[in-house]
Amino acid sequence: MGEAWGCVVNASTASRELMLGRIRTANAAAGAGAGNAAEEWAAIPREYRRTSTLGREAVLELLEDRLRDYDAHVLRVASEGVAAAVLGMLGERGRTRMLAAPGVTAAWLPEGFAFAVDDGLSVESIDRFEGVMTESTLAIAETGTIVLQTVPGQGRRAVSLVPDYHLCLVRASAVVATVPEAMDVLATRPAFATTFISGPSATADIEMTRIKGVHGPRFLDVLLVMDDVARSA
Amino acid sequence: MSGVALDPKTAPTFPMAAKVLVGDTQMRKNVRHATDIIQAKRARVVGEMPDWQELRETGRRVREHTMKFLDVYLEEFERKCTAAGGVVHWAKDADEARQIVIGLVKASGSHEVIKIKSMTTEEIQLNKALEGAGITPYETDLAELIIQLGGDQPSHIVVPALHKNRQQIREIFKREMNLPNLGDTPQDLADAARLFLRKKFLTVKTGVSGANFLIAETGGVCVVESEGNGRMCLTLPETLITIAGIDKVVPRLADLEVLLQLLPRSATGERMNPYNSIWNGVDPRGVDGPKAFHIVLMDNARTKVLEDSEGRQTLNCIRCGACQNACPVYRQTGGHAYGSVYAGPIGAILTPQLQEMHYAQTLPYASSLCGACYEVCPVKINIPEVLVHLRNRVVEQKGFFDPEAAAMKTVGMIFRSERRFRAAQRFGRMAETPLVDKDGWIGWLPGLLGGWTQVRDLREMPKETFRDWWEKRGGAS
Ligand code: SF4
């Protein structure tokens, strides 16, 4: 197998030169002559909206509305009341065997409820849990999207994927209105694997009927933590 | 069509295939139902965006800019992806891409792979090659699973099984999953697929994916999907192999703010599809995702397309499928008539070019040039313009004495001059008079044009052209 492997790499290197050469020739032939990529990229017109004219409260309402439209359940909760709200939510869902992403804010974990913490569990073990609780990097109101990264409190990608239920905590201060605002934040921390989640797993492959949870979590609950009371007033 | 791969080299020509498929009323009903629903959803969520036209314009500019500096951005992607622990491979054609993937799967020690829907792997018929090398591929997208288990072929680039209704799907699942008592609600069918694939997700050690975007600036890869099967394939296996056409690159992470707004709204009529994954190489701490990540950058005639100053805009395509849903021809024939995995208007221009015009020569004619595809295209690819351009190339290849060649040359000459165009319209109104019935319909056209009226009636030309009417109103200022 080592032999075959070597061949593959060599062929690939030759193809690399060939392909780049063809691109340069093709661009020259099509009259797309030389230029400075960075300068020309900066000159691309961007007349679309970057921000929204909505006030803070309206942005949060829009997020809630869009999340619900995508079959997620959402609830606002004051910073001090998070642990109690988590407990209530889990009771409503009847979930007991829960996993938490490592590094979840300790004050948000309800007392008297045993969360297992993912410390490198096998995927088969993750599959045995009924749900998972994670935090999030930000949320986008216009699209009803929460964004998770591989950082403390949010965990690796498998934990928010394999269990049937995902309880996600979103800080109101991290809610943006538009996709460009979200990308501005993400551009400052691009090294982490990033997942955009808009509602539970869904498909419309059968007669265009929206069906929840083909492979990912079938249930998504979002707790919107009102941590910026001053701004939302 | 069952079991026979959609290969432009062996497929019947579009008119032949279409003639057969237009007779399949169930398929036409299914296709029309699905495309009606997606189009209505698309219209609604596009209507929510006051800056849709500005987004489209930037989308077009970003894609054009990328193609102009494709070499620069591919090299940058390679550098950044390698630095993040990925291994970059270059494949000049389908055969090389297949060999690379097979070699990598074998090196990973796996005899099975889980796959997320990828038109690029369909394009190179990877599944057949894997099977030939003793590797079993499992399609994990619900629609692709339906197609794989049914021995069928995809008929749409976003919703590949839209030509099947739930009874047909149920029959396939009952048979192939050995579930005699399977119900027939969409939820029953989705649950069956979930159970069927769960074990594969948790145990198969190698994943194969396509890519929606490659980000030069960060070396990151972006995959957009809705079921979570993509996330399973991208994160659970130990080895991940991603295959992407070289046209998939975008300059910077910030460009996704445009493309991630355009793509889901155009493709499935969603504000955002349920899942987008962006990752860079392998996790340096080794806690998240595959331990080995390979990406195959594939040419397969894309550089040939780039050479053609008019055809190259085809490469700007972000594979949303909106043009398919809007196309009256696709809606009648379904996807299989196109003899290629890329169906509809985008297929009509992409497939012949990827075949370097040697096959699929009838595809540029598989359009009424109504312009609906151009209108919905999120990156403003002028598909009608490319169609006409390709028709000219077909004619050139066929030679001057072909009767179509003469006709196309005449039409081309007429279209190039406004005066001649108007004269032709006046002439047309006179010439058609004997063919028009009393209700204003033309049932047949003489000679070469007869093929066109065999399957449809033609409305007579209006008594007054739009231009004449506009000018009379004093609109031409
Ligand atoms: S040509 Fe335009 S509308 Fe058609 S699939 Fe490509 S991007 Fe979408």
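The values are calculated or read from the model by the stated rules, or taken from the named source; none is laboratory data. In this text the structure is predicted, and so the values were computed from the model without any measurement. As a convention, Cβ positions derive from the backbone with ideal geometry for all residues, glycine included, and neighbour counts pool all protein chains shown. For accessibility, only protein heavy atoms count, side chains too; no ligands or nucleic acids. Shrake-Rupley method; radii C 1.70, N 1.55, O 1.52, S 1.80 Å.
DSSP finds beta bridges in region B:14-304, and of those with both partners inside it, around 25 percent are antiparallel.
Among DSSP bridges having both ends in chain A, what percentage is antiparallel? Round to the nearest 5. Counting DSSP beta bridges with both partners in chain A, the antiparallel share is about 25 percent. For region B:145-226, relative contact order (Cα pairs under 8 Å, six or more residues apart, normalised by length) works out to 15 percent. Within the protein assembly as shown, antiparallel bridges make up roughly 35 percent of the DSSP beta bridges whose residues both belong there.
Charge dipole (Cα centre; +1 on Lys/Arg Cβ, -1 on Asp/Glu Cβ; no other charges) of region B:38-155 amounts to roughly 240 debye. Each other residue within a Cβ distance under 14 Å of residue A:192 adds +1 if Lys or Arg and -1 if Asp or Glu, for a net charge of +1. Considering only B:261, B:277, B:245, the residue lying farthest towards the positive end of the dipole of region B:197-301 is B:277, judged by Cα position with unit charges set on Cβ. Placing +1 on each Lys and Arg Cβ and -1 on each Asp and Glu Cβ, with no other charges, gives chain A a dipole about its Cα centre of roughly 360 debye.
Note on B:105-112: average number of Cβ atoms from other chains within 10 Å of each residue's Cβ is 1. Working from Cα pairs under 8 Å separated by at least six residues, relative contact order for region B:14-304 is 28 percent. For region B:215-311, the list of trypsin sites (Lys or Arg not before Pro) that fall in a loop by DSSP and count at most 11 other C-beta atoms within 10 angstrom reads B:285. Per-residue accessible area (protein heavy atoms, 1.4 Å probe) orders A:80, A:40 as A:80, A:40, starting from the largest. Pick out the long, greasy-scoring helices in chain A: whole DSSP H runs spanning 30 Å or more along their own axis by Cα, mean Kyte-Doolittle at least 0.5. Passing helices, by number: none. Other residues lying with their Cβ under 13 Å from the Cβ of residue B:302 contribute a combined charge of -3, Lys and Arg counting +1, Asp and Glu -1.
Taking only C-alpha pairs under 8 Å that are 6+ residues apart, what is the relative contact order of region A:45-132 in percent? 26 percent. With a cut-off of 13 Å between beta carbons, the residues surrounding residue B:123 carry a summed charge of +1, where Lys and Arg count +1 and Asp and Glu -1. Pairs B:80/B:199; A:212/B:304; B:9/B:205; B:41/B:199; B:29/B:128: which are spaced more than 32 Å apart, C-alpha to C-alpha? In this structure, B:80/B:199; A:212/B:304; B:9/B:205; B:41/B:199 exceed 32 Å between Cα atoms. Helices in the protein assembly as shown, meaning DSSP H runs of at least 4 residues, each add -39500 (n - 2.57). Divided by all residues, the mean residue ellipticity at 222 nm is -13000 deg cm²/dmol.
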